[in-house]
Amino acid sequence: MSLLRRLGPLGMALTVGQTAWGARRNWQAIPPERRLRLQELIRQSAGRPANLSSVERRELMDLMRELKLGELARETAMTAAFPRRRFRRRW
């Protein structure tokens, strides 16, 4: 049985919610002026790093590292891979 089927709709909703919570936590950990700069660079690049100068690309990468996306991905994967198990009483 696939992981998505085992989680079911409630498990998937929980996983998505935890991912959003973690992303928000990581986003708010960055100072507001750095968040604004990150938004500006993303808008300016329009999804294409080639639209930025080499200095701006480096700055964008540094700001993205501050988001700790790898850590967020690991947390999400662990949540999805090891959902809370249901315990049954055995009489």
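The values are calculated or read from the model by the stated rules, or taken from the named source; none is laboratory data. The model shown is predicted, which means the values in this text are computed figures rather than measured ones. Note that each Cβ is placed from the backbone with ideal geometry, even for glycine, and that neighbours are counted across all protein chains shown.
Summary table
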read-out: First in the stretch 28-41 and without any contact (Cβ under 8 Å) to a residue 24 or more places away in the chain, second anywhere and among the acidic types (Asp, Glu) and surrounded by 11 or more Cβ atoms within 10 Å (Cβ to Cβ), Cβ under 9 Å, 6 or more apart; value: Leu41/Glu56; Leu41/Glu59
read-out: Unmet criterion (only one of (1) at pLDDT 85 or above; (2) among the hydrophobic types (A, V, I, L, M, F, W, C); (3) in a helix (DSSP H, G or I)) for Met78; value: (1)
read-out: Residues of the stretch 63-77 classified as closer than 30 Å to Leu10 by Cβ and surrounded by fewer than 11 Cβ atoms within 10 Å (Cβ to Cβ), total; value: 1
read-out: Extreme residue, nearest to the chain's Cα centre (by Cα), among residues of the stretch 30-62 that are surrounded by 13 or more Cβ atoms within 10 Å (Cβ to Cβ) and either part of a loop (DSSP other than H, G, I, E, B) or of a type in the set (Val, Ile, Thr) (or both); value: Ile30
read-out: Pairs with Cβ under 6 Å, 6+ apart, first in the stretch 3-27 and under 15 Å from Glu71 (Cβ atoms), second at pLDDT 80 or above and not in a helix (DSSP H, G or I); value: Asn26/Leu67; Asn26/Lys68
read-out: Identity of the residue in the stretch 35-63, of a type in the set (Lys, Arg) and farther than 22 Å from Glu75 by Cβ, that ends up modelled with the lowest pLDDT; value: Arg48
read-out: One residue from Leu14, Leu10 being surrounded by 11 or more Cβ atoms within 10 Å (Cβ to Cβ) and of a type in the set (A, V, I, L, M); value: Leu14
read-out: Verdict on Phe87 being among the aromatic types (Phe, Trp, Tyr), modelled with pLDDT under 90 and more than 22 Å from Asn26 (Cβ to Cβ); value: yes
